[in-house]
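Visitor: Sharing a structure here in structure tokens format.
The values are calculated or read from the model by the stated rules, or taken from the named source; none is laboratory data. Nothing here was measured: the structure is a model prediction, and the numbers come from that model. Accessible surface is based on the protein model in full, side chains and every heavy atom, while ligands, DNA and RNA are left aside. Shrake-Rupley method; radii C 1.70, N 1.55, O 1.52, S 1.80 Å.
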Amino acid sequence: ETQAAASGRVTTEVKKSADAKRVDYARQGNKWWLTDQGIRERRALKFSEGVSAYIRDIWALLPKNERKKVEKDTYCAFCRAVAKILTGGTKGYDPEEDWRADSHGLGPMAFGLFYDAVFQLVDLWTETSLEADYQDFLRNLVKHLEKHLGAHSAQPKKKAKKAKPEPATVEVPAPRTP
């Protein structure tokens, strides 16, 4: 984030509040996030149960390979869906840049790397360090991803197991007594 601010890709200060409205939300930054307290608060959120549960929900939406990892094409489709949800479009966006950064060049992505990438996304797009705000962001993201990924998402539908037929019950008359 510091490098991004120094390069001019992220704006951390404006002279007038009206100027902030002219800066694309994705390019806005807050120096407080880089203070010791800001870093501590964000680290604590990374492994909170509520945040973790939503990230696991997102992971569950994506198909995996036989080693239970997400392939590049799946991750790129996920990134395009997220970009569309957050910014309204994907013009000029190359999800392969995110793949290269988030997969660390290791090939199919395991849950740990996915978790880190999604948390970073939430961390960048949430304006406070309140757990409820992180959870709200993730809850809404899950809801929208379910719509966007729809038929392309999740694990392949499992074939319904045929129910074993119940044994027929036959009423046996009570024995007659002489």
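Visitor: Would you please classify the overall shape of the range 111-153 from the alpha carbon gyration tensor, given that a ≥ b ≥ c denote the square roots of the eigenvalues, rounded means a/c under 1.5, and beyond that prolate means a/b larger than b/c while oblate covers the rest?
Guide: Because a/c hits 1.5 or more and a/b fails to exceed b/c, the range 111-153 counts as oblate.
Visitor: For the range 78-147, what is the accessible area per residue in Å², given a 1.4 Å probe and the full set of protein chains? Numbers along the way, then the final one.
Guide: Numbers: 3760 Å² over 70 residues.
It amounts to 54 Å² per residue over the range 78-147.
Visitor: Which order do GLU71, GLU66, GLU146 take when ranked by solvent-accessible area (1.4 Å probe, heavy atoms of all protein chains), largest first? Display every interim value, and only then the final one.
Guide: Numbers: GLU71 70, GLU66 155, GLU146 100 Å².
Sorted by accessible area, descending: GLU66, GLU146, GLU71.
Visitor: For LEU130 and ALA101, compute 0.36 nm times the residue count separating them, minus their Cα-Cα distance, and round to one decimal in nm. Numbers along the way, then the final one.
Guide: Numbers: separation 29, 0.36 × 29 = 10.44 nm, distance 2.67 nm.
Answer, rounded to one decimal: 7.8 nm.
Visitor: Let me ask something else about it. Run the numbers for ALA110 and ALA44: contour at 0.36 nm per residue of separation, minus the present Cα-Cα distance, in nm. Can you show the working numbers first?
Guide: Working: separation 66, 0.36 × 66 = 23.76 nm, distance 2.21 nm.
Full-extension gain reported as 21.5 nm.
Visitor: Something else about it: In whole Hz, what ³J(HN,Hα) sequence does the range 43-53 give by Karplus (6.51, -1.76, 1.60; θ = phi - 60°), x for Gly and Pro?
Guide: Running phi through 6.51 cos²θ - 1.76 cosθ + 1.60 with θ = phi - 60° gives 4, 5, 6, 4, 10, 5, 4, x, 5, 4, 4 Hz.
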